[in-house]
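Let me begin by presenting the structure, written as structure tokens, before commenting on it.
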Amino acid sequence: MPRNVPPRTALLRSAASRRIFKAFFPLVVGTACVLLLNSKLAGLDFHAVAEVVRTTSLPQWLAAAAATALSFWAIGTYDVVVHRHLRTGVPADVARVTGAGSIAIAQVLGLGIVTGSLARWRMLSGTGGGTAAKVTSVVTASFMGAWALATVLLALVLPGVTLPLWMTACVLGGAVALAVIAFLTPTFRLRSLSIRLPSLRALGSITVLTLIDIAAAAAALHVLMPAGLDIRYEVLLPIFAIALGCGLFSSTPGGAGPFELAVLSFLPLVPQEPLLGAILAWRLIYYAVPALLAIIPLAFPYRVAASDAGPSVPANLCQARRAECGVVRQNGGFALHTGKDQSIVAESGQCLALLFDPLNGTTQGVTEDLKDAARARMLIPALYKCTGPLAAQARRDGWAVVRVADDAVIDLPGFSLDGSRHRQLRRKLRHAEKAGITVIEENPCPNLLHEMAQMDQAWLASHGKARGFSMGRFDADYVKQQRIFVAREHGRMLGFVTFHQSGHDMALDLMRHGADLPDGTMHQMIVSAILTAQAEGRKRLSLAAMPATPKAERPLARRIRDAVTRRSGGAGLTRFKESFGPYRQPLYAAAPSRAELTLALADIARAIHAPRG
């Protein structure tokens with residue numbers, strides 16, 4: 001009876017077989033293409049091919065060199081986009097040079113992922129081999145996807161090539177599906193594996209760069225064609241894109257063989273000698289020259305420091321003018337230097353949102369610094385829930401601005417339970433008093449945190465998943481840094497509320513309660529917090545945002561806003577907050593353009609309703 005092969009040995013053999021297959025596959029493809037070309041090259045006058053290269057004029061070489069430079073600028077900028085997406089911290093100019101250089105070497109040697117990774121690793125001294133391999137893999141995968149989309153689009157709008165309908169539909173459908181997935185699920189998780197997909201801005205940039213790359217590379221070939229070849233550029237471009245893909249998929253050095261075979265197959269009536277002569281000249285200027293230039297960064301690599309752990313929560317958070325900035329302790333946000341101030345920013349899938357206002361309220365220079373930070377992450381810059389002064393500054397800077405909510409602010413020096421304004425509130429408080437409810441501020445000891453955690457789980461079971469991003473969720477370490485007011489009946493917890501606090505104000509964050517809550521309990525907890533803040537001499541207390549009520553609004557916009565408010569339960573929350581007599585402070589969102597503002601608001605809404613973690 002044969003012995004069973006140990007699982008580890010079988011895995012090693014399987015991996016070795018795959019490596020051997022990958023190593024020899026390009027040779028097999030190249031050999032097959034040479035055999036296929038052999039019939040086409042029968043009777044070819046190689047002296048005529050060489051004569052085309054020899055008689056190429058200086059203006060042709062210069063024009064081809066300019067087109068090649070543009071193509072490699074786009075190729076290098078792929079790396080800029082990918083380094084920004086991966087947050088490697090590599091400067092843009094360094095990423096562009098090393099990206100173009102590694103591609104120049106990889107396309108000559110073949111086996112692009114292996115040779116490209118080794119070249120990047122060598123050129124970027126100080127970064128690890130894993131980073132180089134990751135950059136190479138993302139560049140390769142994203143370019144192949146963008147190449148497929150670009151090729152289909154070129155075949156649709158230009159003459160010369162007609163692709164099968166099913167192929168066109170699959171590529172266009174796949175592109176749309178990828179964009180939808182990248183928006184709805186910016187971080188893909190499979191068990192312990194977590195992959196952050198490129199943002200829509202990154203995907204769009206890669207697609208545009210791919211079009212520039214292909215168009216410039218095709219132009220370099222077109223200008224090298226002798227005068228006798230009557231091939232229009234718009235006819236050559238889609239053919240070139242397909243041939244380029246054939247060469248890339250084969251992984252042969254320079255795509256040699258598959259590229260020529262594809263071009264000759266699509267242009268059967270064109271004389272072979274001048275066409276192949278132009279391709280040979282193109283290979284000299286587009287492959288040989290860049291590869292020689294790439295020796296420079298190989299010989300003199302850039303010294304790049306490894307990226308740090310990233311920005312952290314600001315030390316002066318407790319002095320923020322708006323206490324809501326404390327949500328940065330939970331949502332993965334960080335401090336960003338904006339002008340002469342610091343601001344709290346957080347990433348959603350598609351945008352870098354500045355939440356609320358700068359810590360000290362300084363608005364000058366905010367939009368420019370936010371745009372720079374967002375560009376460095378391939379995200380859209382946006383302001384969210386900022387007050388009037390920052391919104392006005394953004395409007396002066398040319399940004400699109402829209403009112404998104406109102407902050408329910410209690411004027412603490414003027415707050416009183418007396419008068420007709422608070423008649424309903426006093427009735428609620430009497431109901432709670434008759435039910436024997438007591439509300440006190442409690443310190444976050446282990447027993448209290450355990451009670452709060454149990455109540456939070458019960459609340460989630462009846463109300464659904466908690467929102468996040470600009471809103472807090474229960475976490476023991478998070479609420480330890482907040483003010484906690486608890487309602488009890490004979491020692492049993494009925495509910496609790498938590499407040500952010502800073503040296504300037506307090507802001508409502510969490511509200512949780514059980515199912516059997518006596519009438520007026522929530523009102524009593526809020527009033528207790530208001531009176532406590534008032535006794536401490538504070539000037540304002542925020543009950544957080546509620547739906548906006550703009551005075552001048554079009555009927556359709558008002559109906560949409562009302563429908564969203566009803567669906568989200570905002571109407572009841574608004575009535576609850578208005579019972580305390582707050583004044584409304586308008587809150588705004590802003591972005592550089594209306595299209596970016598629309599995308600940012602949609603993405604922030606997604607992040608709020610589907611928070612990470």
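The values are calculated or read from the model by the stated rules, or taken from the named source; none is laboratory data. Quantities reported herein were computed from a predicted structural model and do not represent experimental measurements. In this analysis, Cβ positions are derived from the backbone assuming ideal geometry, glycine residues included, and neighbour counts consider all displayed protein chains.
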Response to the item:
Flagged pairs (Cβ under 8 angstrom, 6 or more apart or on separate chains; first in the stretch 444-457, touching a residue at least 12 places away in the same chain (Cβ under 8 Å); second surrounded by fewer than 17 Cβ atoms within 10 Å (Cβ to Cβ) and of a type in the set (D, E, K, R)) are PRO444/LYS480; LEU449/LYS480
Response to the item:
Picking from THR498, THR438, the residue that is closer than 29 Å to ALA353 by Cβ, among the hydroxyl-bearing types (Ser, Thr, Tyr) and touching a strand residue (DSSP E or B) at 6+ places or on another chain (Cβ under 9 Å) would be THR498
Item to complete: Would you mention how many residues in the stretch 385-408 are assigned to a helix (DSSP H, G or I) and under 16 Å from PRO586 (Cβ atoms)?
Response: 8
Fill in: Failed condition for ARG575, given (1) modelled with pLDDT under 90; (2) surrounded by 12 or more Cβ atoms within 10 Å (Cβ to Cβ); (3) basic (Lys, Arg); (4) over 32 Å from the mean Cα position of the chain (by Cα)
(2)
Discussion item. List pairs: first residue in the stretch 595-613 and not assigned by TED's automatic domain parsing to the domain that holds TYR478, second residue aliphatic (A, V, I, L, M) and in a helix (DSSP H, G or I) anywhere in the structure, Cβ distance under 8 angstrom, at least six positions apart or on different chains.
Written reply: LEU599/LEU200; ARG606/LEU184
Item to complete: Give the residues of the stretch 519-545 that are in contact with a helix residue (DSSP H, G or I) (Cβ under 6 Å, 6 or more places away or on another chain) and closer than 25 Å to GLN457 by Cα, sorted by residue number.
Response: ASP519, GLY520, THR521, HIS523, GLN524, LEU543
Worksheet item: Considering LEU517, LEU531, which residue is surrounded by fewer than 21 Cβ atoms within 10 Å (Cβ to Cβ) and assigned to a helix (DSSP H, G or I)?
Response: LEU531
Item to complete: Give the residues of the stretch 270-279 that are over 18 Å from ILE242 (Cα atoms) and surrounded by fewer than 22 Cβ atoms within 10 Å (Cβ to Cβ), sorted by residue number.
Response: PRO271, GLN272, GLU273, PRO274
Worksheet item: Can you pull out the residues in the stretch 191-202 that are within 19 Å of the chain's Cα centre (by Cα) and either of a type in the set (A, V, I, L, M) or in a loop (DSSP other than H, G, I, E, B) (or both)?
Response: LEU193, ILE195, LEU197, PRO198, SER199, LEU200, ALA202
Worksheet entry | the stretch 230-268 - residue that is under 23 Å from VAL157 (Cβ atoms) and outside any helix (DSSP H, G or I) and, of those, modelled with the highest pLDDT | ARG232
Item to complete: For ALA92, indicate whether it is among the hydrophobic types (A, V, I, L, M, F, W, C), modelled with pLDDT of 90 or more and over 24 Å from GLY254 (Cβ atoms).
Response: yes
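Please determine, by comparing only the residues of the stretch 203-229 that are without any contact (Cβ under 8 Å) to a residue 12 or more places away in the chain and in a helix (DSSP H, G or I), which one is nearest to ILE380 (Cα to Cα).
Step by step, filter the stretch 203-229, then rank; the result is GLY204.
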Item to complete: Find the residue count for the stretch 378-390, including only residues that are surrounded by fewer than 24 Cβ atoms within 10 Å (Cβ to Cβ) and either closer than 20 Å to ILE608 by Cβ or touching a Cys at 6+ places or on another chain (Cβ under 9 Å) (or both).
Response: 2
Discussion item. Looking only at the stretch 489-514, filter to residues that are within 33 Å of the chain's Cα centre (by Cα) and small (Gly, Ala, Ser); which one of those is surrounded by the fewest Cβ atoms within 10 Å (Cβ to Cβ)?
Written reply: SER502
Worksheet entry | Single match in SER142, SER125 (criterion: assigned by TED's automatic domain parsing to the domain that holds ILE214 and touching a Lys or Arg at 6+ places or on another chain (Cβ under 8 Å)) | SER125
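Residues are listed down the side, and each one gets a yes or a no for (1) assigned to a helix (DSSP H, G or I); (2) assigned by TED's automatic domain parsing to the domain that holds ALA218:
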position	(1), (2)
TYR286	yes, yes
ALA291	yes, yes
ILE296	yes, yes
GLU324	yes, no
ASN331	no, no
HIS337	no, no
GLN342	no, no
VAL345	no, no
LEU352	no, no
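Consider MET167 carefully, then state whether it is surrounded by fewer than 19 Cβ atoms within 10 Å (Cβ to Cβ), in a helix (DSSP H, G or I), in contact (Cβ under 8 Å) with a residue 24 or more places away in the chain and more than 17 Å from the chain's Cα centre (by Cα).
The answer is no for MET167.
Identify, from the list SER125, SER117, the residue that is in contact (Cβ under 8 Å) with a residue 40 or more places away in the chain and either out of contact with any Ser or Thr (no Cβ under 8 Å at 6 or more places or on another chain) or not hydrophobic (A, V, I, L, M, F, W, C) (or both).
SER125
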Fill in: Matching residues, the stretch 23-82, being within 19 Å of LEU111 (Cβ to Cβ), of a type in the set (Val, Ile, Thr) and modelled with pLDDT of 90 or more
ILE75
Practice prompt. Go over the candidates VAL439, VAL401 one by one and state the one that is at pLDDT 90 or above, of a type outside the set (Lys, Arg) and more than 24 Å from VAL486 (Cα to Cα).
Written response: VAL401
Worksheet item: With LEU317, LEU336 as the choices, which residue is modelled with pLDDT under 85 and touching a Ser or Thr at 6+ places or on another chain (Cβ under 8 Å)?
Response: LEU317
Item to complete: Assess whether GLU368 counts as being charged (D, E, K, R) and either without any contact (Cβ under 8 Å) to a residue 24 or more places away in the chain or buried (at least 21 other Cβ atoms within 10 Å of the Cβ) (or both).
Response: no
Worksheet, complete the sentence: Of the listed residues (LEU417, LEU412, LEU352), the one being modelled with pLDDT of 90 or more and either over 21 Å from the mean Cα position of the chain (by Cα) or over 13 Å from PRO592 (Cβ atoms) (or both) is LEU412
Practice prompt. Take the stretch 369-384 and flag every residue that is in a strand (DSSP E or B) and not small (Gly, Ala, Ser).
Written response: ILE380, PRO381, LEU383, TYR384
Discussion item. Give me the residue from the stretch 204-222 that is surrounded by 23 or more Cβ atoms within 10 Å (Cβ to Cβ) and of a type in the set (Val, Ile, Thr) and, out of that set, nearest to GLN272 (Cα to Cα).
Written reply: ILE214
Response to the item:
Reported set for the stretch 409-446 where residues are part of a helix (DSSP H, G or I) and hydroxyl-bearing (Ser, Thr, Tyr) is SER420
